[in-house]
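Only one structure is covered here, and it is reproduced in the block below.
The values are calculated or read from the model by the stated rules, or taken from the named source; none is laboratory data. Keep in mind that this is a model prediction, so the values were computed, not measured. Here the Cβ is made from the backbone with ideal geometry for all residues, glycine too, and neighbour counts use every protein chain on show. Heads up: the accessible areas ignore ligands, DNA and RNA and are worked out on the full protein's heavy atoms, side chains in. Shrake-Rupley method; radii C 1.70, N 1.55, O 1.52, S 1.80 Å.
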Amino acid sequence: MAPRADERHLDDAEIVKAWHEVSNSASSLQVKRAIKLVLVTAQRPGEVTQMHRDQIKGRWWTIPAEIAKNGREHRVYLTDTALELIGDSPGYIFPSEGKNPCISPTVLSRAINRSYEESGVRTVGKEAIKASKKPYFGMKPWSPQDLRRTTRNNMARVGVIEEVAEEVVNHKKSGIVGIYNKYCYDKEKEIALKKWEELLLRILRNDAEEEGAG
C-alpha cells in the first residue's frame, strides 16, 4: 500500500528516476504526459486528467469550479514544459481509450504501482512494448498526488512565499482572510511556476550531464 497522502514527497534523485521511468514505461502516451504534468503544474491528478482544450487560453489553464476539488475556479500558468506536455490536440487533452471521455486519475496510480512480470511484452494501442517493471518503479511507494506535494515542497526552495505557494496549489484560505482576500495572484503564480520549472529542468539536466560525464 502507498503511504498516506500527507507523508510523501520525492527528493531530487527520485524526481529524476520517476521522470525517466515514466518516460520509458509501457503506459500510454496520455498517461505518461498526465503524470508528468501533475509534477510540472502542481495541480491535482483528477483535475489534470479532466483538462480540456476549452479550458486553455494562451498560457493560462482555467480549472472550472465544478472540476476543482475545493469548488473554486482556479487559474494555472502554463510554462513551456507544461505546454509541451499538453500538445495541441482538440477536446480532452488526455482522452481515454474506453467509454469515458478522458482518463481517470486511478489510471495514473495504477501506472505507477502495478507490478509486471520480470520479462514480457504488453500491447499498448498497436505498439508492443517491453513491460518489465517493479511496483513504484523500484522506489519507495509514491503516488501521483505525491508529485503535487513534491512541487509544493520545492516552492520554498526557489523563494516562493507560503501565501503564493498555497495559491499555486489552490488551497482555500481559512478564516477572515478567505472572506476578504479576493486577489487573483496571477502574476505571482506565473513567477512561482517559472521558478519551479527552472529548478525541475536543472534537476533533470544535471542528471543527464552526470551520465554523460560517466
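Would you check if Gln50 is without any contact (Cβ under 8 Å) to a residue 60 or more places away in the chain and open to solvent by 30 Å² or more (accessible area, probe 1.4 Å)? Here the answer is yes, as Gln50 does meet what is asked.
Counting just the residues of the stretch 5-36 that are charged (D, E, K, R) and within 16 Å of Asn113 (Cα to Cα), which one comes out least open to solvent (accessible area, probe 1.4 Å)? Going through the qualifying residues, I end up with Arg8. Taking the conditions exactly as written (closer than 15 Å to Pro144 by Cβ, open to solvent by less than 30 Å² (accessible area, probe 1.4 Å) and modelled with pLDDT of 95 or more), does Ala82 satisfy them or not? No, not satisfied. Criterion applied to Val40, Val22 was being within 8 Å of the chain's Cα centre (by Cα) and of a type in the set (A, V, I, L, M, F, W, C), and the one residue passing it is Val40. For the stretch 150-164, the tally of residues that are closer than 13 Å to Asp12 by Cα and touching a residue at least 60 places away in the same chain (Cβ under 8 Å) stands at 3.
Restricting attention to the stretch 66-91, which residues are at positive phi and in contact with a strand residue (DSSP E or B) (Cβ under 8 Å, 6 or more places away or on another chain)?
If the condition is that a residue be at positive phi and in contact with a strand residue (DSSP E or B) (Cβ under 8 Å, 6 or more places away or on another chain), then Gly91 is the only one that fits.
If only residues of the stretch 62-72 that are without any contact (Cβ under 8 Å) to a residue 24 or more places away in the chain and either among the aromatic types (Phe, Trp, Tyr) or loosely packed, with under 13 Cβ neighbours inside 10 Å (or both) are counted, the one that is farthest from Tyr185 (Cα to Cα) is Glu66. Close contacts from the stretch 21-32, counting a first residue that is over 14 Å from Gly87 (Cβ atoms) and without any contact (Cβ under 8 Å) to a residue 40 or more places away in the chain and a second that is assigned to a helix (DSSP H, G or I) and of a type outside the set (Ser, Thr, Tyr), with Cβ to Cβ under 7 Å and a gap of 6+ residues or different chains, come to Ser23/Lys32. When Ala42 is tested against (1) over 20 Å from Asp186 (Cα atoms); (2) in contact with a Lys or Arg (Cβ under 6 Å, 6 or more places away or on another chain), just one condition goes unmet, and that condition is (1). Restricting attention to the stretch 202-214, does a residue exist that is open to solvent by 80 Å² or more (accessible area, probe 1.4 Å), of a type in the set (D, E, K, R), in a helix (DSSP H, G or I) and modelled with pLDDT of 95 or more? Checked the stretch 202-214: at least one residue is open to solvent by 80 Å² or more (accessible area, probe 1.4 Å), of a type in the set (D, E, K, R), in a helix (DSSP H, G or I) and modelled with pLDDT of 95 or more.
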